[in-house]
Amino acid sequence: MQAMLTSITRWSIGVLCTALLLAGCVDKYAPDVIANPSSFLVVDGSINAAGVTSIRLTRTMALQNKGAAPAEAKASVYIEEEGGRRYPLNEAQPGTYRSASLALATGTKVRLRIRTGREQEYGSDFVAVKTTPPIDSVTW
């Protein structure tokens with residue numbers, strides 16, 4: 001019994017020493033991008049072909065900053081069909097844009113277009129609308 005306790009004690013001391021050595025080897029890493037953060041546009045959402053589309057626009061911020069990401073308000077956001085027809089998204093709250101209920105035909109090519117309050121323009125590639133089939137059952 002005493003031999004077992006001695007081996008457990010040695011093992012515990014070995015683990016503790018290893019943990020202390022590893023903790024002493026941690027260096028703080030601060031890449032240049034943290035010191036000079038850029039304000040990139042973040043687009044969160046997807047186009048809903050059969051219903052309301054909701055898109056959230058925010059800006060990136062430095063890692064050390066606390067709080068929520070700043071909302072990109074007062075932008076002009078719309079869904080555009082390849083033929084030129086547009087479906088506007090209205091600002092429901094700062095940074096959140098919603099469309100009316102849509103009924104886009106499967107196979108129609110659409111893209112998202114954004115013009116920020118700072119007059120920067122963004123556009124996605126045209127992609128074909130796909131209809132997700134309904135879930136017929138869920139099993140384990």
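The values are calculated or read from the model by the stated rules, or taken from the named source; none is laboratory data. From a predicted model like this one, the values you see are computed outputs, not experimental measurements. Cβ sites come from the backbone with ideal geometry, for glycine too, and all protein chains shown count toward neighbours.
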What number of residues within the stretch 48-76 satisfy the criterion of being under 18 Å from the mean Cα position of the chain (by Cα) and under 17 Å from LEU112 (Cα atoms)? 9
Checking the structure you have, find out if any residue of the stretch 24-40 is modelled with pLDDT of 75 or more, of a type in the set (Ser, Thr, Tyr), part of a strand (DSSP E or B) and within 26 Å of the chain's Cα centre (by Cα). no
Breaking point among (1) surrounded by 15 or more Cβ atoms within 10 Å (Cβ to Cβ); (2) hydrophobic (A, V, I, L, M, F, W, C); (3) over 30 Å from TYR29 (Cα atoms), for VAL52: (1)
Tell me which residues, restricted to the stretch 77-112, are within 21 Å of SER39 (Cα to Cα) and surrounded by fewer than 16 Cβ atoms within 10 Å (Cβ to Cβ). GLN93, PRO94
In the stretch 102-140, which residues are over 24 Å from the mean Cα position of the chain (by Cα) and not aliphatic (A, V, I, L, M)? THR106, GLY107, THR108, PRO133, PRO134, ASP136, SER137, THR139, TRP140
Report every pair of residues separated by at least 6 positions or lying on different chains whose Cβ atoms are under 6 Å apart, first residue within the stretch 62-74 and in a loop (DSSP other than H, G, I, E, B), second of a type in the set (Gly, Ala, Ser). GLU72/GLY95; ALA73/GLY95; LYS74/GLY117
Answer yes if at least one residue in the stretch 77-84 is over 17 Å from the mean Cα position of the chain (by Cα), touching a residue at least 24 places away in the same chain (Cβ under 8 Å) and assigned to a loop (DSSP other than H, G, I, E, B), and no otherwise. yes
Scan the stretch 67-76 and tell me whether some residue there is within 30 Å of PRO134 (Cβ to Cβ) and modelled with pLDDT of 95 or more. no
Counted residues, the stretch 93-140 - those being in contact (Cβ under 8 Å) with a residue 60 or more places away in the chain and in a strand (DSSP E or B): 4
